[in-house]
1. For the chain, with the dipole built from +1 on Lys and Arg beta-carbon atoms and -1 on Asp and Glu ones, taken about the Cα centre, which of 470, 14, 417 lies farthest toward the positive end?
2. Considering the values (i) -0.22, -0.89, -1.28; (ii) -0.56, -1.05, -1.19; (iii) -0.28, -0.96, -1.22, which represents log10 I(q)/I(0) by the Debye sum over Cα atoms at q = 0.05, 0.10, 0.12 Å⁻¹ as calculated for the structure under consideration?
3. As an exercise, identify the GluC sites (Glu not before Pro) in the range 133-174 lying in DSSP coil whose Cβ has no more than 14 other Cβ atoms within 10 Å.
4. Output wanted: per-residue J couplings in Hz (rounded whole) for the range 510-527, from phi through Karplus 6.51 cos²θ - 1.76 cosθ + 1.60, θ = phi - 60°, x for Gly and Pro.
5. For the range 78-173, which trypsin sites (Lys or Arg not before Pro) are both in a DSSP coil and crowded by at most 16 other Cβ atoms within 10 Å?
6. Please give the charge dipole size of the range 413-539, origin at the Cα centre, charges +1 on K and R Cβ atoms and -1 on D and E Cβ atoms. Round to the nearest 20 debye.
7. DSSP loop chymotrypsin sites (Phe, Trp or Tyr not before Pro) in the range 382-418 with at most 13 other Cβ atoms within 10 Å of their Cβ, which ones?
8. Please report the net charge: other residues with Cβ closer than 11 Å to the Cβ of residue 472, K and R +1, D and E -1.
Amino acid sequence: MAFNTGLSGLRASQVDLDVTGNNIANASTVGFKGSRAEFGDLYASGFLSGGSNTVGDGVRVQDVKQSFGQGNISFTDNGLDLAINGDGFFVLNNGGEIRYSRAGQFGVDKDGFITNNQGMRVQGFIADDDGNLSGIRGDLQIESGNLAPRRTTELQSDLNLDSREPVLERRVADMGDFSVAPPATGFPQETFEITYDDGSVVTTTINPTNVGDYSAADVVDVLNGPDGLSASATTQYEGISEADLDAAIAAGNFSFDLSVGNVNVPVDTVSVTDAASLVTAINAAQAPTVSASLVGGNLRLIDNRGNNLTAGFSSDGPSQAPETTVGTVRPQADREITDIASTGGGTNLTASWTSRSINITNQFTPDDQRTYNHATTTTIFDSLGNSHEITQFYVKQPAPGDGVGVSEWSVYLQIDGEFVGGTGTNPYQARFDQDGNLQSINGDPNGQILVDDWTPKAADGTPNGADGPPAPGTNITTPIPEPPTTSAFVLNLAETTQYGSDFGVTDQQQNGFTTGRLSGLDVSDEGVLFARYTNGQSQSLGQVALASFSNTNGLSPVGETTWVETFDSGQPIIGAPDTGTLGAIKASSVEESNVDLSAELVNLIIAQRNYQANAKTIETSDAVTQTIINLR
């Protein structure tokens with residue numbers, strides 16, 4: 001009996017030594033889970049022979065159980081090294097056999113599959129071409145080919161337009177030219193009333209003292225006084241023929257009389273030989289606002305200030321007495337003036353007002369920053385992945401109606417310097433409410449502008465072969481449906497505001513990109529593999545799958561730090577990391593062995609002592625038996 005009891009103890013101690021030695025040997029094995037030997041005592045008893053003083057028959061090994069406790073997580077420089085922080089196992093495809101492991105030392109094989117160092121492929125949830133994850137499980141693969149370009153179908157601009165900005169665009173009423181008919185030598189007296197859009201009235205008078213030679217320049221001085229009213233004037237004289245001048249100069253003793261604004265201007269005629277040289281002499285005289293020329297056989301004199309011009313000549317031959325010409329006035333009134341009414345006098349200013357036409361004196365010009373308040377530029381892409389610059393121009397407009405509780409801005413769009421969206425002739429009108437929020441764009445409360453007239457072009461201005469605008473009459477819906485087939489895209493300004501602060505771009509995003517090459521990989525805590533490309537884009541390639549079991553201890557170890565499913569473990573529950581009871585993924589990390597080396601060394605001493613003690617039991621039994629044999 002004692003021999004068997006001691007022998008069972010030796011066997012158990014040997015198993016304990018083997019388990020402890022295996023733990024110590026794998027203390028540095030990534031993903032390894034330590035084991036322990038579990039023992040049970042042996043008793044031999046029959047149905048009717050059980051007693052209170054039964055002697056045991058020794059010990060037996062009941063089980064070698066693994067501890068699946070969490071190991072320490074250490075960082076590495078390999079982006080595909082993955083550690084599980086929590087419950088779960090990586091799912092590995094070993095040539096059709098499914099294995100499970102906690103060792104996350106992964107890499108990429110020649111075909112782009114993610115594998116462990118034994119060539120087993122990591123399984124996960126596959127992503128489609130657009131990076132959308134599916135519930136389909138398969139071997140994770142990294143496509144090393146170029147990322148195909150994507151055309152821009154939506155551009156979102158979140159801006160703030162400064163409500164303090166002035167209205168730059170100046171609309172004026174061009175009232176046409178008016179003058180006095182000969183033989184008048186000046187404009188007569190006239191008083192008129194100017195009515196403004198706020199109801200105020202201003203009275204002003206032309207030629208208040210009723211002098212006879214009141215010039216166009218004098219009228220301009222008066223009209224430039226009231227707010228919103230301006231004028232310019234010119235005087236043109238053509239009363240002398242070139243042939244008469246040539247004859248008079250040839251006759252000798254020639255002199256030319258010129259007065260500008262009743263001031264005599266001496267003209268040096270000493271070296272004058274013909275009408276052409278007289279033009280040179282007049283232009284050299286001390287009259288900087290007057291220019292002379294020969295036009296249609298006549299001498300033309302122009303004063304660009306509107307002063308009265310008096311001209312004549314004398315000689316030993318033909319002569320012409322001085323004649324006076326009164327200039328022409330060109331008045332303009334801006335939008336704040338609603339009416340001009342004559343209250344006395346005889347000019348035709350009032351008649352000119354009634355036939356006025358509205359003109360824009362500083363029409364929006366993209367090359368002149370004085371004609372717009374704000375501008376911002378971003379990059380968009382055509383179907384071939386070519387980049388293009390789109391610029392948005394914002395021009396503040398007078399508030400519609402009475403201006404209470406509403407503001408309005410004009411929106412112009414250019415791509416590569418060419419107007420799109422029809423904004424070259426008809427800009428979009430963005431209207432804001434009293435709180436600075438966008439009400440509508442051209443009446444659309446969604447704040448969207450559909451650009452459907454853009455033809456992508458190369459640097460030389462010719463179409464570059466990318467998809468162009470839709471055919472005439474094609475109905476374009478927004479958002480642009482996938483897959484897009486034209487260059488049409490939507491500019492979304494729904495989040496644009498108009499506050500009393502500086503202009504700023506809060507956010508500007510577009511969904512297009514050019515082609516790109518794979519430049520790196522990232523793995524999230526949810527196990528999603530993101531591919532980074534040289535065009536700045538990232539796209540999910542798949543998601544690592546994790547498996548859990550109802551009875552983890554029922555798994556059967558098969559080497560290579562892997563386990564397989566057994567009847568005792570139950571079927572695996574496979575899901576995404578960091579969901580349910582499954583742990584999170586830590587990238588560039590591995591889970592170390594959970595073996596406590598100090599504890600194992602102590603266990604080694606204990607197993608050794610147990611082995612020695614059981615051997616001593618056998619030795620003692622042998623001595624007792626020998627004593628019995630030696631009895632005579």
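1. Farthest along the dipole direction, towards plus: 14.
2. (ii)
3. Values: sites: 143, 154, 169; in loops: 143, 169.
Those that pass, being in a loop and sparsely packed, are 143.
4. Residue by residue, the range 510-527 yields 9, 9, x, 7, 8, 5, x, 9, 5, 10, x, 10, 10, 10, 8, 5, 8, x Hz.
5. Working: sites: 99, 102, 110, 121, 137, 150, 151, 164, 170, 171; in loops: 102, 110, 151, 164, 170.
Within the range 78-173, the qualifying trypsin sites (Lys or Arg not before Pro) (loop, at most 16 other Cβ atoms within 10 Å) are 110, 164, 170.
6. Working: 4 positive and 16 negative charges, 62 e Å.
Dipole magnitude for the range 413-539 comes out near 300 debye.
7. Values: sites: 393, 394, 409, 412; in loops: none.
Passing both the DSSP loop test and the Cβ count: no residue.
8. Working: positive: none; negative: 452, 453.
Local charge sum for residue 472: -2.
A short reminder: the numbers here are calculations on the coordinates, not readings from a lab. Source: prediction; values computed, not measured. Positions of Cβ are generated from backbone atoms using ideal geometry, with glycine treated the same way; all protein chains shown enter the neighbour counts.
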